[in-house]
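Reviewing the structure listed below.
The values are calculated or read from the model by the stated rules, or taken from the named source; none is laboratory data. A quick note: this is a predicted structure, and the numbers were derived from the prediction, not measured. Don't worry about glycine lacking a Cβ; one is built from the backbone with ideal geometry, like all the others, and counts go over all protein chains shown.
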Amino acid sequence: MHSSVVDQLRLSDFDYGLPEALIAQEPCPIRAQSRLMVMDRATGAIEHRLFSGITDYLIPGDLLVLNNTKVFPCRLLAKKAGGGKAEIFLLSERGPNLWEALVKGGLGNGKKLVVEPGIDAEITDEGRDSVRTIRFHGIDNIRTMLPEIGKTPLPPYIKREAAETDCERYQTVYASQEGAVAAPTAGLHFTDELLQTLSAKGIQLTQVTLHVGPGTFQPVKAEHIRDHRMRPERYVLSVQAASDVNRARAEGKRVIAVGTTSVRTIETTASDDGVVSPGEGSSELFIYPGYGYKVVNGIITNFHLPKSTLLMLVSAFAGRERILDAYRCAVAEQYRFYSYGDPMFIA
């Protein structure tokens, strides 16, 4: 896309109509039985399958890149000193009992919240983007209590409280590296059995880590999308994963990212000639139309919010009009949208 056209892209260019009834409130009863839209990005042709049918669209030698981040129970219900309700949404640990967090309740520096009897949280600093620094008192390490008192951080468009079943279902079957505040939802459709079937067919699997942060829900406020800035998210690309990706490319095989987080991890670490380097750091990569993909040949991803950076990312991969046409088709066919919704495979 010509740079002058990119400069003209506005937030409204990434809008679409979505009936609220299509926003999934519960996961599909069986992971691999979600519906699957398959789109050929070269022609725009669309097919409708179940996710278990992904096996028909992957060929021996394809490399699937999975994000193994694990969601931790980061929502803490609390009370203000005066008795009113508040909520602490933990983001990242900066030291023993010292966390960056979002706080609901309009509280600023120096204020204290009661988390549990005898356990307080003190706001010690106010950072940018409404992030607070929180220090916990009355406990050796609040992390050890999170499985007991923390809640699964379901996205704001799921209009219910987290249930016990969400502890398992809002987590991929291969999640192992704790640190995300939201699931890499494209991976929720895989089962251990499906992954074994793919491996037996000759599909290669590798894992990267990108800890999904609150930026995944951060609304784009800039009218010109080029002015938007992503919040940093921590990633790790192991020596093994980098080797897997580079070998697949050298052999002319497809690199297929499972989820936008896997896309951003790979593309963040890629040189201009498409060679990825192992390491860890923070990604602030914002992918929108005009971006030239260096590595990724296919994306498995859920349907994303209007005007979101995630919708822009897939638009950069397959073309804005083509993606919006596919979304209109998904609405007409009554696919389920967002985190607990159905996926699409774009190749």
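Of all residues in segment 320-343, those satisfying the criterion of being surrounded by fewer than 18 Cβ atoms within 10 Å (Cβ to Cβ) and in a loop (DSSP other than H, G, I, E, B) are Glu333, Gln334. Going by the structure shown, is Arg128 buried (at least 17 other Cβ atoms within 10 Å of the Cβ) and either out of contact with any His (no Cβ under 8 Å at 6 or more places or on another chain) or of a type in the set (Phe, Trp, Tyr) (or both)? Criteria not met by Arg128. Could you list, in sequence order, the residues of segment 109-123 that are surrounded by fewer than 19 Cβ atoms within 10 Å (Cβ to Cβ) and either among the hydrophobic types (A, V, I, L, M, F, W, C) or within 29 Å of the chain's Cα centre (by Cα) (or both)? The answer is Val114, Ile119. Contact map, segment 121-139: residues that are more than 19 Å from Pro96 (Cβ to Cβ) paired with residues that are small (Gly, Ala, Ser) and surrounded by fewer than 18 Cβ atoms within 10 Å (Cβ to Cβ), Cβ distance under 8 Å, separation 6+ or inter-chain. Pairs shown: Glu126/Gly108. Only one of the numbered conditions (1) in a loop (DSSP other than H, G, I, E, B); (2) crowded, with 21+ Cβ neighbours inside 10 Å is violated by Met312, and that is (1).
The number of residues in segment 108-135 that are more than 18 Å from Arg75 (Cα to Cα) and polar (S, T, N, Q) comes to 2. Cβ-Cβ contacts under 9 Å between residues 6 or more apart (or on different chains), taken from a first residue in segment 29-51 that is in the same structural domain as Arg336 (by TED's automatic domain parsing) and among the β-branched types (Val, Ile, Thr) to a second residue that is in a loop (DSSP other than H, G, I, E, B) and loosely packed, with under 14 Cβ neighbours inside 10 Å, are listed as Val38/Ala45.
Those residues that are touching a residue at least 12 places away in the same chain (Cβ under 8 Å) and either crowded, with 23+ Cβ neighbours inside 10 Å or not in a loop (DSSP other than H, G, I, E, B) (or both), I need them from segment 52-73; list them, please.
Residues of segment 52-73 that are touching a residue at least 12 places away in the same chain (Cβ under 8 Å), as a first pass: 52-55, 57-73.
Within segment 52-73, Ser52, Gly53, Ile54, Thr55, Leu63, Leu64, Val65, Leu66, Asn67, Thr69, Lys70, Val71 meet the criteria.
Every listed requirement among (1) assigned to a loop (DSSP other than H, G, I, E, B); (2) at pLDDT 95 or above; (3) under 16 Å from Ala78 (Cβ atoms) is met by Arg160 save one, (3).
Residue count for segment 175-189 under the criterion of being crowded, with 17+ Cβ neighbours inside 10 Å and assigned to a loop (DSSP other than H, G, I, E, B): the result is 5.
Restricted to segment 194-213, and to residues there that are surrounded by fewer than 15 Cβ atoms within 10 Å (Cβ to Cβ) and in contact (Cβ under 8 Å) with a residue 40 or more places away in the chain, the residue that is farthest from Ile30 (Cα to Cα) is Gly202. Please indicate, with yes or no, whether at least one residue in segment 77-98 is surrounded by 14 or more Cβ atoms within 10 Å (Cβ to Cβ), touching a helix residue (DSSP H, G or I) at 6+ places or on another chain (Cβ under 6 Å) and not in a loop (DSSP other than H, G, I, E, B). So far as segment 77-98 goes, no, none of its residues is surrounded by 14 or more Cβ atoms within 10 Å (Cβ to Cβ), touching a helix residue (DSSP H, G or I) at 6+ places or on another chain (Cβ under 6 Å) and not in a loop (DSSP other than H, G, I, E, B). Flag: Val295 does not match the condition of being free of Cβ contacts under 8 Å to residues at least 60 places away in the same chain, in the same structural domain as Pro19 (by TED's automatic domain parsing) and either outside any loop (DSSP other than H, G, I, E, B) or among the basic types (Lys, Arg) (or both). Within the span defined as segment 1-11, one or more residues are assigned to a strand (DSSP E or B) and either surrounded by fewer than 19 Cβ atoms within 10 Å (Cβ to Cβ) or not aromatic (Phe, Trp, Tyr) (or both).
Among the residues of segment 293-309, just one is crowded, with 20+ Cβ neighbours inside 10 Å, under 15 Å from Ile346 (Cβ atoms) and either modelled with pLDDT under 95 or hydroxyl-bearing (Ser, Thr, Tyr) (or both), namely Thr301.
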